[in-house]
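What follows is one structure encoded as structure tokens, with my remarks underneath.
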Amino acid sequence: MSTAVYGLATLVHLLFAWYLWRARRSGVPAPRPAGPGDTEAPAGAAAAPGELLFRGAVLATALWCGLEAARELTTDLAWLVTAELADWLRYASWLLLLLVLNGSARRGAPGPGIRWGVGLVLAAALAPIVLRAALGHVETPPGQPQLVAQLALPLFGLFLVERMFRSLGDDSRWHAKPMCLGLAIVFAYDVFRVSEALMFGAWDADTRVARGAVHMLAVPVLLAGARRRRDWIQRLQVSRAAAFHSVTMVLAGAYLLLLSAFGYYVRYAGGSWGRALQISLVCAALALFAAVVLSGSLRSRLRVFVGKHFFSYRYDYREEWLRFTAMLSAGGAPPEVAQRVVRGLASMVECPGGALWLRSEAGAPYTQVARWNAGRTEEAEPPASAFCRFLHERGWVVDLDEFRSSPARYDGLALPHWLLASSNAWLVVPLQAADELLGFVVLARPRTPIDLNWEVLDLLKTASRQAAGHLAQMQATEALLEARKFDAFNRMSAFVVHDLKNIVTQLSLMLKNAERLHDNPEFQRDMLLTVESSLDKMRRLMLQLREGAPPPGGARGVELEPLVQRLQALARSQGRALETPALERLATRGHEDRLERVLGHLVQNALDATPASGRVWVKVQRAGGQVGIEIGDTGSGMTEEFVQTRLFKPFSSTKGSGMGVGSYESAQYVRELGGSIQVASRPGEGTVLTVTLPLFEAHGRAELMRVDAG
């Protein structure tokens with residue numbers, strides 16, 4: 001009975017596979033994935049990888065049905081092992097197809113967790129079969145672990161069918177429904193059959209027979225879906241990663257199958273040594289298998305094989321570009337970025353190492369700045385050499401082996417001696433940014449032979465230009481940061497020099513007036529205070545210039561009356577009068593030294609712009625919830641255009657000997673404190689500056705001296 005059922009199921013699946021092949025050849029409606037679009041493939045066009053995968057799943061099912069039919073006709077245990085392996089191969093084919101279908105659905109491919117889950121379930125289901133065959137226990141009924149692994153296979157299938165159907169849009173579900181229904185019937189029946197075996201501890205012979213009938217009855221449902229819409233499979237695109245891992249899985253399965261068959265033979269042909277030889281053989285073979293799987297050279301060869309024989313183009317440009325861009329933009333120090341450039345270019349052509357030569361500035365020689373699995377060298381290449389000129393003018397990727405065998409193909413190229421002497425050097429990839437040769441990368445020989453066709457060379461050229469642009473931007477950023485550091489130092493130096501100029505001016509005026517007022521005791525006291533204050537200011541300025549240190553201490557309450565009185569004494573030491581009417585006892589928050597320097601600069605500007613017969617005054621008064629400091633004079637004044645466009649700009653001054661940084665520094669510090677400066681000025685009439693600062697409510701001197709945590 002079972003032979004007839006499985007034989008008929010084999011015939012039905014073979015006819016279905018023949019129909020799919022004929023539909024592709026003659027243009028008869030063929031299946032397509034459950035997704036939007038009505039694109040139709042022309043008859044006789046080459047089969048897409050997804051179409052081959054679907055046909056493979058149908059043929060794997062036909063193979064399994066045929067082996068199940070043959071089991072009743074022979075007592076050879078090898079047929080049992082082969083049938084179990086064919087059943088596993090059938091599940092692997094359908095699950096892989098469902099993973100691809102999920103990737104073609106509207107809401108994207110399954111995540112790595114689902115892919116890893118399918119792989120682990122397939123491995124868990126395969127391991128007991130191989131182990132039983134290797135140990136010669138084929139006739140032993142499967143235990144609980146194997147039954148649990150076999151139960152996980154249809155459960156994962158149902159999960160993937162449900163996920164694919166739920167991810168589709170309403171316009172695509174009608175077309176996908178037959179396939180989802182057919183696979184759901186098959187998987188659901190297998191869940192029932194394995195669950196029954198888990199409950200009763202043995203397989204039911206009747207469910208085994210009915211299993212072939214269920215698979216046979218699912219074919220018309222799949223056929224109905226195939227006739228609903230055209231070109232369904234051709235829209236399936238298997239990624240290179242899926243093809244690589246599929247081929248790896250097939251090769252691993254073939255290896256394990258061969259191992260189990262050989263171990264089975266050794267056990268029964270080895271006599272008394274059979275079991276010991278079998279165990280030793282299995283251990284040695286598994287150790288060899290692990291070593292091969294971990295081999296980078298083998299993975300490279302397999303990746304090249306898959307790209308050459310399974311796809312029209314060798315590279316998946318989207319994946320290559322995303323990977324290379326992510327590698328460049330990962331950040332880090334310049335040496336790390338340079339090394340990642342080498343690794344990124346090397347991985348495109350399966351190279352195990354390489355080195356990068358860059359120049360630090362225009363006209364400098366190219367030196368090795370980064371290396372990956374390559375030796376260090378101190379060799380430098382001048383920009384004017386024939387080698388660098390060739391890379392700059394041609395922009396070619398230089399194949400060193402081709403140059404050694406046919407130098408005429410590289411007309412005008414002269415390789416440096418250190419590069420010719422390197423037996424491991426393979427390719428030279430120029431790094432060009434705009435019309436500038438930024439550097440070049442020397443790649444080591446690949447793990448597996450690579451055909452340097454136009455596709456490989458174009459990918460290397462394009463990736464090298466992107467890497468060169470990234471490196472050029474990194475160098476420009478470093479140069480900009482260095483320039484900003486110098487700019488900050490120069491600006492600080494300008495402020496310090498400006499303050500020193502003011503101090504020198506004050507001391508010069510004081511010394512000039514000393515000839516006339518040296519007998520005046522009040523002048524002598526002001527002179528000593530001025531000298532002491534000037535000396536202290538110069539010490540702080542020198543410290544700030546040398547170490548870039550900010551003013552000591554934090555912002556605190558500053559009383560304005562003593563500060564204005566010190567400014568009045570300073571003016572008096574210069575032989576000038578500073579009027580201070582209406583001085584209220586008010587305070588603001590800030591650094592006392594900086595605030596005194598700012599107000600002192602504004603007062604000094606007023607004194608410089610006003611003749612000795614004119615007036616200069618300072619008023620301190622409450623202005624709402626703020627402090628208003630008015631500094632006025634009857635001097636030369638300023639034009640409105642100068643006030644609007646140049647007054648508080650650096651290096652702008654109305655004084656012939658002024659540097660123009662004092663007003664800029666004053667405005668910056670006032671804004672830093674949260675205040676503002678208003679200017680009212682007319683040429684020939686004078687100027688009034690109103691500095692508005694936050695009011696600090698002080699109730700005692702101790703509170704004024706309290707350091708502000710902010």
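Read the figures in this text as sums done on the coordinates, not as results from a lab. Bear in mind the structure is a predicted one, so any value in this text is a computation, not a measurement. Cβ placement follows ideal geometry from the backbone for every residue including glycine, while neighbour counts extend to all protein chains displayed.
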Inset, instruction - Note down the relative contact order for the range 350-408 as a percent, whole number, built from C-alpha pairs under 8 angstrom at least six residues apart. - result: 23
Inset, instruction - Once you have the Cα-Cα distance between A124 and D458, take 0.36 nm times their residue separation minus that, and quote the gain in nm to one decimal. - result: 115.9 nm
Legend entry - Whole-Hz couplings from phi, Karplus 6.51/-1.76/1.60, listed for the range 356-364; x for Gly and Pro: 10, 10, 9, 10, 6, 7, 4, x, 7
Legend entry - Largest-first ellipsoid semi-axes for the range 360-438, taking √(5λ) over the Cα gyration tensor eigenvalues, angstrom: 19, 17, 11
Inset, instruction - Kindly rank 151-159, 332-340, 683-691 from highest to lowest mean number of other beta carbons found within 10 Å of each residue. - result: 151-159, 683-691, 332-340
Legend entry - Residues of type aspartates and glutamates that K177 reaches as a straight line, Cα spacing below 19 Å, ignoring anything fewer than 8 places off in the same chain: D38, E51, E162, D231
